[in-house]
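Read through the structure below, which is laid out as structure tokens, and then see the notes.
The values are calculated or read from the model by the stated rules, or taken from the named source; none is laboratory data. Note that the structure is a prediction, hence the values are computed from the model and not measured. Here the Cβ is made from the backbone with ideal geometry for all residues, glycine too, and neighbour counts use every protein chain on show.
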Amino acid sequence: MSRRFGLKQIKTLLKIVIVAACIVYIASFFYTSRSSLSIVIKLNFTTLSALVLLWFCYMLTHSWRLQLILQKCSGRKIAFWQWFKILVLGNFLNMVFSQLGNIYRGVRLKKECDISYTSYIASFASFAWMDTCMNLVLAIVIILLIEPDLKIGSFPASFLLVIICAVIVILPVAASSLLRFIRFKNHYLDWTKSKLSQVLATTLDNIKDVSFLLKIILLGIAVFMITVFSYHVLFAGFDMRLSLPALTVFCTLLNLSTFFVITPGNIGIQEIAFGFISQQFGVGMAQGILVSIVSRIISTALIILLGVLFGGMNVIKYRNKYVEFAK
């Protein structure tokens, strides 16, 4: 009996087609502009070492923020290094098998910390929403204070970011308000409705806690500046200098790439987006694409290294145990 070709298979095929199209475009671009690849040799050991250190600092600070949100949402305590290991292993496992990392994190948190899968999902969603909004606000403030005339194409950069920020803030609230008056017979749609309402409720509760919110904002600013500085180091490694407002645009673009996932890791899409923005700032499309590729390689290599050191290969070997427990 032939396997039914349903919506899931269509989505998978579409993702493959998009990734393939992006890779072909990037390959053809560098084939016609082969001389632009010579800038890669400008990266030296010192620059690469600094980038590895910055990405590690980013992972630590990012994990600390997420730990605080997870503890706040679940009402349970979890040691930082225990959480850092779970988070890194989850990212590593997701690279090898789709969703395995999410299952692993959910199982470990439930077994070791009595944190439910619902709290875990709500924490991640709340964190992604708050983090994206805050990054956009920071970028808007920096652009307006330092370089208000900065443009992306023919539009002011601050204006575009304000629109994106408004959409991200309003859309979940509007969707939750609308879904409140709709009843679904479909189990998946009903589940999505309840989870969206829970994420909004969790986020609003978090905002009411001033002390907690202050910690999240300060750590968010730290993560933002680490990311901005890492892009400064990378562009400087290619012998290119960008202003602080321009670098914040790349930082928000990276954050949006994790919020709106079209292909796995937005492979290809992020590189083309970075190239387009880089070209708008007069640096060159090749530089933007290569910045995205190099930063992706460094972050991926770091996750793989830590994942293996933390016992990721053993988890893969006994992965069925975690899948069965999750069921």
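Quick check on region 151-180: of everything there that is closer than 24 Å to Ile121 by Cβ, surrounded by fewer than 13 Cβ atoms within 10 Å (Cβ to Cβ) and more than 22 Å from the chain's Cα centre (by Cα), which residue is modelled with the highest pLDDT?
My answer is Ala174.
Quick check on Phe92: is it at pLDDT below 90, out of contact with any strand residue (DSSP E or B) (no Cβ under 9 Å at 6 or more places or on another chain) and over 20 Å from Ser119 (Cα atoms)?
no
Output the qualifying pairs, or none if there are none: Cβ atoms under 9 angstrom, residues six or more apart or on different chains, first residue in region 83-102 and closer than 14 Å to Leu302 by Cβ, second residue hydroxyl-bearing (Ser, Thr, Tyr).
Phe84/Ser63; Leu87/Ser63; Val88/Ser63; Leu89/Tyr104; Met95/Thr300
Yes/no matrix, rows are residues, columns are (1) part of a loop (DSSP other than H, G, I, E, B); (2) touching a Leu at 6+ places or on another chain (Cβ under 9 Å); (3) among the acidic types (Asp, Glu); (4) closer than 28 Å to Ile267 by Cα:
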site	(1), (2), (3), (4)
Leu68	no, yes, no, no
Arg76	yes, yes, no, no
Gln82	no, no, no, no
Asn94	no, yes, no, yes
Tyr104	no, yes, no, yes
Ile115	yes, yes, no, no
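Applying the selection to region 21-71, what residues are in contact with an Asp or Glu (Cβ under 8 Å, 6 or more places away or on another chain) and closer than 30 Å to Val210 by Cβ?
Listed by number, the list holds a single entry, Arg65.
Which condition number in (1) surrounded by 15 or more Cβ atoms within 10 Å (Cβ to Cβ); (2) part of a helix (DSSP H, G or I); (3) not hydroxyl-bearing (Ser, Thr, Tyr) is the one that Leu37 fails?
Every condition holds for Leu37 apart from (1).
Residue-by-condition table, conditions (1) under 22 Å from Ile226 (Cα atoms); (2) surrounded by fewer than 18 Cβ atoms within 10 Å (Cβ to Cβ); (3) not aromatic (Phe, Trp, Tyr):
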site: Ser74; (1), (2), (3): no, no, yes
site: Lys85; (1), (2), (3): yes, no, yes
site: Leu89; (1), (2), (3): no, no, yes
site: Leu93; (1), (2), (3): no, no, yes
site: Gln99; (1), (2), (3): no, yes, yes
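Which residue out of Leu256, Leu290 is under 15 Å from Phe29 (Cα atoms), touching a residue at least 40 places away in the same chain (Cβ under 8 Å) and of a type outside the set (Val, Ile, Thr)?
It is Leu290.
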